[in-house]
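See structure below.
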Amino acid sequence: MRVTQEQKHNAGVKLWQIVERYKEIRPDLNDKQVLKLAMMSNPDLAEHYLGCAVRRDEVDEARRYLMNIR
């Protein structure tokens, strides 16, 4: 997967916006944890940001954890 610097930057900005929203929902989590949740729940953005393939089978699990649903 080839990702341009512009795509990586844009994905990073969008991910950080998601992180800020998630931190409001779960203030008990640190930045690293929230960033991982943001990437797990948005695999397309994560792929552009990281420049490599990301698992897509954890989207629902990440969202359930974020909302603290068991």
Can you tell me the dipole magnitude for the chain around its Cα centre, using point charges on the Cβ only (Lys, Arg +1; Asp, Glu -1), in Debye to the nearest 20? 60 debye
With each label point set 7 Å from Cα along the Cα-Cβ vector, what nm distance links residue 1 and residue 32? 2.3 nm
If you stretched the chain out fully between residue 24 and residue 68, how much longer would it get, using 0.36 nm times the residue separation minus the C-alpha to C-alpha distance? 14.5 nm
Quick one: which of 28-35, 41-48, 15-22 comes out on top by average Cβ neighbours within 10 Å, and what's the full order, highest first? 41-48, 15-22, 28-35
Given the DSSP H assignment, sum -39500 (n - 2.57) over each helix run of at least 4 residues in the chain and divide by its residue total; what's the result at 222 nm in deg cm²/dmol, nearest 500? -21500 deg cm²/dmol
Quick one: net charge around residue 33, please, counting Lys, Arg +1 and Asp, Glu -1 for every other residue with C-beta under 12 Å from its C-beta. +2
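Any read-out appearing in this document is the output of simple, stated calculations on the displayed coordinates, not a laboratory observation. Since the structure is predicted, the reported quantities are computational estimates derived from the model, not experimental observations. Neighbour counts are summed over all protein chains in view; Cβ atoms, including those assigned to glycine, are modelled from backbone coordinates with ideal geometry.
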